[in-house]
1. Which one is farthest from GLU238 (Cα to Cα), of the residues in the range 25-51 that are among the acidic types (Asp, Glu) and assigned to a helix (DSSP H, G or I)?
2. Determine the pairs where a residue that is without any contact (Cβ under 8 Å) to a residue 12 or more places away in the chain and of a type in the set (A, V, I, L, M, F, W, C), located within the range 155-181, has a partner that is part of a loop (DSSP other than H, G, I, E, B) and open to solvent by 40 Å² or more (accessible area, probe 1.4 Å) with Cβ atoms under 9 Å apart, the partner being 6 or more residues away or on another chain.
3. Where the second residue is assigned to a strand (DSSP E or B) and of a type in the set (Val, Ile, Thr) and the first is touching a residue at least 24 places away in the same chain (Cβ under 8 Å) and lies in the range 229-257, which pairs have Cβ atoms under 8 Å and are six or more apart or on separate chains?
4. Considering every residue within the range 130-146, establish whether at least one is under 21 Å from GLN66 (Cβ atoms), over 12 Å from the mean Cα position of the chain (by Cα) and of a type in the set (Val, Ile, Thr).
5. When the residues of the range 113-141 are narrowed to those that are part of a loop (DSSP other than H, G, I, E, B) and over 24 Å from ALA11 (Cβ atoms), which ends up most open to solvent (accessible area, probe 1.4 Å)?
6. Find all pairs meeting these conditions: Cβ atoms under 9 angstrom apart; at least six residues apart or on different chains; first residue within the range 41-62 and without any contact (Cβ under 8 Å) to a residue 24 or more places away in the chain; second residue surrounded by 20 or more Cβ atoms within 10 Å (Cβ to Cβ).
7. Can you name the residue in the range 179-223 that is small (Gly, Ala, Ser), within 20 Å of the chain's Cα centre (by Cα) and assigned to a loop (DSSP other than H, G, I, E, B) and is also nearest to PRO145 (Cα to Cα) among such residues?
8. Regarding LEU226, is this residue in contact with a strand residue (DSSP E or B) (Cβ under 7 Å, 6 or more places away or on another chain), under 28 Å from ARG14 (Cβ atoms), open to solvent by less than 40 Å² (accessible area, probe 1.4 Å) and in a helix (DSSP H, G or I)?
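The values are calculated or read from the model by the stated rules, or taken from the named source; none is laboratory data. Note that the coordinates shown come from a computational prediction; the quantities given were computed from them, not determined experimentally. With ideal geometry, Cβ positions are generated from the backbone for all residues, glycine too; neighbour counts draw on all protein chains shown. Note: areas computed on protein heavy atoms with side chains; ligands, DNA, RNA excluded. Shrake-Rupley method; radii C 1.70, N 1.55, O 1.52, S 1.80 Å.
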Amino acid sequence: MSSLSAAEAVAANRQAWDASAPLHRSDPSWDRLTQNFARDPGFSCFDPPMEAALRALGLAGTSVAQLGCNNGRETVSLMNLGARSATGFDQSEAFLAQARDLAGIAGRDCRFVAGDVHAIDAEHDGAYDLAVITIGVLGWMPDLPRFLAVAARLLHPGGRILIHEEHPVVNMFEPRAEQPLLVRHSYFRTAPFVGEDAIVYGDGPAPRVGPHYWFAHPVGMLIESLIGAGLAIERFREFPDNISSTACDVLAADRLLPMSYLLQARKAA
C-alpha cells in the first residue's frame, strides 16, 4: 500500500462516495428502485444466488447486519424477505440518507449506522444472527483481516456470515481495453487501484471527485481472514456470472472465468 495508511484510504474513499451519491439519486435507477419498494412489500434487490442462500438459511425472526450497505436497498430487502430487524453499516452519510428514504418508502424500520466499518462500536457485539456482505464491499477494505474480525464480533455464538462478491480474478483484466481477456494485473497485486472519477454503476457521467482506492484481495486471504476471525467455512461456490459493472460483461461472455462467488461461514457456538 506504499505510504498510504489504511485510515487515509478509508477517509479518501468516504469522501469519494459522498461526492458520488448525488449522481446515484439523479439516475433513472433510483426512480425504479423507489417505485419497486413502494408497490411490492416483498421486493428484493438480491441477485438469485444470494437470495436463494438467504431463503435457505431462513430469515424469519432473525436480526441481520449488513456491512457496507450503500443506499440500503439490500438492507430493506432483508426485512422484505422476513428478517425481524436489519441494521446497515456504511461510511457514507450521503448514501445513508438515501437508505433512510428507501426504508421509509418501503415502510421498514431499518437502522442505519454511519462510520468506518473497520471499527464498528462494541455496542453491536453479539447482537446479530447473520452478517451480510455483498457486491463490491471487500474491495474498499484496506485491512481485510480487521474488517472480517469486526464482522465476526457482531455475531452471537452460532451466527453466520454470508458473502456474495465479485471474484478477485476479475481484477486481473481491463474489460474496456482492446483485448479485454489479456491478463494485465497480477492476481497477487498488493498495491491498490487508484481512481479519480465518481463511483457510478452504469455508463452515465462520472466527474472527478478525488482519489479513491480499490484493493484486490485473493480468495486465500479472504479464507484465512475468516478463519483468523474464528469462523468456520460452511460453503463456498464460484460462478461464471458477472455481478459487477456492465463493462465486465465482456469477461463473462463465454463463461470461462470465475466472476463471482458465494461464501457462508459460521461462528463457533
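1. Ranking the candidates gives ASP31 first.
2. Close Cβ pairs (under 9 Å, with a partner that is part of a loop (DSSP other than H, G, I, E, B) and open to solvent by 40 Å² or more (accessible area, probe 1.4 Å)) amount to ALA177/ARG184.
3. Short answer, once both residue conditions are applied: LEU231/ILE161.
4. Filtering the range 130-146 for residues under 21 Å from GLN66 (Cβ atoms) gives 130-146.
Going one step further and asking which of them are over 12 Å from the mean Cα position of the chain (by Cα), we end up with 130, 142-146.
Narrowing the set further to residues that are of a type in the set (Val, Ile, Thr) leaves none.
No, the range 130-146 has no match at all.
5. Applying the filter and picking the extreme gives ASP125.
6. ALA52/PHE46; GLY61/ALA83; GLY61/ASP129
7. As a first pass, look at the range 179-223 and keep what is small (Gly, Ala, Ser): 186, 191, 195, 198, 202, 204, 206, 210, 216, 220.
Adding the requirement that they be within 20 Å of the chain's Cα centre (by Cα) leaves 195, 198, 202, 216, 220.
Filter once more, so that each one left must be assigned to a loop (DSSP other than H, G, I, E, B): 198, 202, 216.
Working: ALA198: 27, GLY202: 30, ALA216: 13 Å.
The residue in question is ALA216.
8. Yes.
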